[in-house]
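Before any comments, here is the structure.
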Amino acid sequence: MNTDPQGIIAMNLANNLSYLNIESANLKAYEIKYPLEGKAMLPKDPTVFIDIFVAKPGPDQLKGLVDRMDRSQSNLQKNLYKKIEEETRNGYDGIVKMLTANNLDEQKLASGRLEFFPLISATLANYLNEVRNFNDAFVTLSTSLNSKPAYDQFSNAIYRYNEIFELLNNNKNTYEQAIATYWNSKELSLKFNNLVDYAIEDLHKPYVLEINYTLINRIYAANNETNKKERARLQNNLTKDMTEISSNMTRKINGLGERITAMNGLLNNNGTIKIN
């Protein structure tokens, strides 16, 4: 199969496939530089492209490029989270001042909604994105338990996830108060509380924490097993369990995505806000 002039290959694939193995027909002529281990996760959205980098054997310049891109992206993410944190803190001070003054005119409420909606939606969107990345890296690791790049990818996903979880967890009460105040709706504030509760109780605790506390120990134990037959048995069991966990986690992530979409729609519907 050949690419078009833009280097794009169009393929029809079965809906039940979750990833593709990409191999070179001639390793002396071409190497698959990306995705790592030649394993590409398939997106749910058919309009999303999968990037594949092929190069002639030689110094791994692409890895250096990918590393620099990762560092740059990480710095951008840190700056974004820092900005959200600072603006949320300032916004909370504004809520306290307004409630203390007991001045809830529509102009101030509208201004507060414009201030907090981007902060809330950005926090939720980034959390959803990073928990998906965490799950994707976990899936990759489940089938690549002897691959250092897979471990590096998973470690990076854990680090990035922890950053956005802390941001969400630290500011959830402020966002809840902002919704109750600026949207003038205890019901909407409760919906937000339920959404965050779902993220923590249905995703973070039973999956992310369980993976970090239980599965990681099993992975280390399997990797340290000196008997090759026993090691293979342990890793085979791990792959089965990790695949099942990821499948269950995917359903929870999809549920969270639906809740976030609904919440953003409600928060963005400013015309329904009434002052009691």
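The values are calculated or read from the model by the stated rules, or taken from the named source; none is laboratory data. Since we're looking at a predicted model, the values are computed, not measured. Methodologically, a virtual Cβ is constructed for each residue, glycine included, from the backbone with ideal geometry; neighbour enumeration extends over all protein chains shown. When the accessible area is computed, the model is the full protein with side chains, heavy atoms only, and any ligands, DNA or RNA have been set aside. Shrake-Rupley method; radii C 1.70, N 1.55, O 1.52, S 1.80 Å.
For the stretch 159-266, report the translational diffusion coefficient in µm²/s to the nearest whole number, using Stokes-Einstein at 4 °C, 1.567 mPa s, and a Kirkwood Rh over Cα pairs.
80
Do any of Lys83/Lys172; Lys228/Lys252; Lys83/Lys108 go past 25 Å between their Cα atoms, and which?
Lys228/Lys252
Which net charge results for the neighbourhood of Asn170, defined as the other residues with beta-carbon distances under 14 angstrom from its beta-carbon, given Lys and Arg at +1 and Asp and Glu at -1?
So the environment of Asn170 carries a net charge of -3.
Using unit Cβ charges (K, R positive; D, E negative) and no other charged atoms, how large, in debye to the nearest 20, is the dipole of the stretch 198-245 about its Cα centre?
380
Which order do you get for Tyr182, Tyr151, Tyr213 if you rank them by accessible area with a 1.4 Å probe, largest at the top?
Greatest to least solvent exposure: Tyr213, Tyr151, Tyr182.
If R₀ is 30 angstrom, what is the calculated FRET efficiency for the pair Glu87 and Tyr198, using the beta carbon separation as r and rounding to 0.05?
For Glu87 and Tyr198, the calculated efficiency is 0.75.
Label 7 Å along Cα→Cβ of Asn237; the stretch 210-226 residues with amide nitrogen under 16 Å?
214-226
State the answer as a single residue: which of Val96, Leu109, Ile164 lies farthest towards the positive end of the charge dipole of the stretch 72-177, with beta carbon charges of +1 for Lys and Arg and -1 for Asp and Glu, about the Cα centre.
Among Val96, Leu109, Ile164, the one farthest towards the positive end of the dipole of the stretch 72-177 is Ile164.
D for the stretch 148-200, whole µm²/s, Stokes-Einstein with Kirkwood Rh over alpha-carbon pairs at 37 °C and 0.692 mPa s: what number?
For these conditions, the coefficient is 261 µm²/s.
Hey, with R₀ at 51 Å, roughly what FRET efficiency would Asn217 and Leu104 work out to, going by the Cβ-Cβ distance, to 0.05?
Step by step, r from the Cβ atoms, then E = 0.45.
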